Amino acid sequence: MQSELKLDTESNKVLIIKELCKSFGDNHVLKDFNLELVKGESVVVLGKSGSGKSVLIKCIIGLIKPDKGSIHIFGHNIPDLDHDKLDQIRAKVGFLFQSNALYDSMTVRENLEFPLRRHWLEVSQKEVDNMVISALEDVGLAHTIDMMPVELSGGMRKRVALARTLILKPEIILYDEPTTGLDTITSKEIIELMVEIQQKYKTTSLIISHDMNCVRMASNRVVMLIEGKCYASGTFNEITQSADPKVKQFFE
């Protein structure tokens, strides 16, 4: 039986990244990247394609091990944790994949039940059913519960993936390019849903995006990932008014 990890969920700083470095051969993707997230805020990391945004988020969730630096979530350094302890952290950190990562062979209900089974939660089938319905109601898709992913539109699949992320009631949600591949109207609906979820559950959000509507609508703060570093940080209005040419190029 795995030992229970004591999580510091009371601290105002829920994520602290210091001097994070990650290279792939001669490609130095992250170079002394620093970032802090305060409980309840929504931060968008903005950077060019290939700048290291997805590498950053995968380091945070423990899918990639950094070469150097620390990533403290709820008081624990992610690179130092073994698989069992990582799983305990991940139960409190939701991850919305860019590709949605739904299981095609499972119904919507079974997709949402999967994280509950994986984390071996001691809940009855009735409680599981209620949690699934509640999560689907949060995204306006209760009627899809017995449908297969192939029967859903792209926007609906994104909503189901978000419902699956929400089912464990995470305190932090990581979004990897949440509007990629969606049309303008559907993208706006997903962004509005993300904002609604954050306000309803007081979650902390870290959003990787290059969609300017997402940056504008969903962020309390924008972080510019340039040359592997946290190059600039501020509100959307502050960032867009910057005279720095490296920042201005994103808004021209």
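The values are calculated or read from the model by the stated rules, or taken from the named source; none is laboratory data. Just so it is clear, the structure is predicted and the values come from calculations on it, not from any experiment. Heads up, the Cβs are rebuilt from the backbone with ideal geometry, glycines too, and the neighbour counts pull from every protein chain shown.
The table below gives the values:
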quantity: Pair list, Cβ under 8 Å, 6 or more apart: segment 25-40 residue free of Cβ contacts under 8 Å to residues at least 24 places away in the same chain and under 14 Å from Met224 (Cα atoms), other residue of a type in the set (D, E, K, R) and in a strand (DSSP E or B); calculated: Glu36/Lys13
quantity: Flag if Ala163 is out of contact with any Asp or Glu (no Cβ under 8 Å at 6 or more places or on another chain) and either of a type in the set (Gly, Ala, Ser) or surrounded by 15 or more Cβ atoms within 10 Å (Cβ to Cβ) (or both); calculated: no
quantity: Of residues in segment 166-187 being among the β-branched types (Val, Ile, Thr) and under 21 Å from Val215 (Cα atoms), the one modelled with the lowest pLDDT; calculated: Thr180
quantity: Residues of segment 88-105 that turn out to be within 20 Å of Ile197 (Cα to Cα) and among the aromatic types (Phe, Trp, Tyr), as a count; calculated: 2
quantity: Hits in segment 193-207 (condition: β-branched (Val, Ile, Thr) and either under 18 Å from Ala135 (Cα atoms) or surrounded by fewer than 22 Cβ atoms within 10 Å (Cβ to Cβ) (or both)); calculated: Val195, Ile197, Thr203, Thr204
quantity: Test: residue in segment 148-155 that is farther than 24 Å from Ile89 by Cα and either of a type in the set (Val, Ile, Thr) or in contact (Cβ under 8 Å) with a residue 60 or more places away in the chain (or both); calculated: yes
quantity: Single match in Ile190, Ile226 (criterion: more than 19 Å from the chain's Cα centre (by Cα), within 23 Å of Ile60 (Cβ to Cβ) and modelled with pLDDT of 90 or more); calculated: Ile226
quantity: Hits in segment 36-61 (condition: within 20 Å of Ser99 (Cβ to Cβ) and of a type in the set (Lys, Arg)); calculated: Lys53, Lys58
quantity: Close pairs (7 angstrom Cβ cut-off, 6 or more residues apart or separate chains): farther than 8 Å from Val222 by Cβ in segment 233-252, part of a loop (DSSP other than H, G, I, E, B) anywhere; calculated: Lys248/Ser242
quantity: Single match in Leu15, Leu35 (criterion: within 25 Å of Met217 (Cβ to Cβ) and buried (at least 21 other Cβ atoms within 10 Å of the Cβ)); calculated: Leu15
quantity: Single residue of Glu4, Glu110, Glu41 found to be under 28 Å from Phe236 (Cα atoms) and among the acidic types (Asp, Glu); calculated: Glu41
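Conditions tested, residue by residue: (1) in a loop (DSSP other than H, G, I, E, B); (2) in contact with a strand residue (DSSP E or B) (Cβ under 9 Å, 6 or more places away or on another chain); (3) among the charged types (D, E, K, R); (4) loosely packed, with under 13 Cβ neighbours inside 10 Å.
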{"residue": "Lys126", "(1), (2), (3), (4)": "no, no, yes, yes"}
{"residue": "Asn130", "(1), (2), (3), (4)": "no, no, no, yes"}
{"residue": "Leu136", "(1), (2), (3), (4)": "no, no, no, no"}
{"residue": "His143", "(1), (2), (3), (4)": "no, no, no, yes"}
{"residue": "Val150", "(1), (2), (3), (4)": "no, no, no, yes"}
{"residue": "Arg159", "(1), (2), (3), (4)": "no, no, yes, no"}
{"residue": "Pro170", "(1), (2), (3), (4)": "yes, yes, no, no"}
{"residue": "Thr180", "(1), (2), (3), (4)": "yes, no, no, no"}
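For (1) modelled with pLDDT of 90 or more; (2) closer than 22 Å to Ile190 by Cβ; (3) not charged (D, E, K, R), each residue gets a yes or a no:
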position: Val45; (1), (2), (3): yes, yes, yes
position: Lys65; (1), (2), (3): yes, no, no
position: Ser70; (1), (2), (3): yes, no, yes
position: Leu81; (1), (2), (3): yes, no, yes
position: Val93; (1), (2), (3): yes, yes, yes
position: Gln98; (1), (2), (3): no, yes, yes
position: Ala101; (1), (2), (3): no, yes, yes
position: Arg109; (1), (2), (3): yes, yes, no
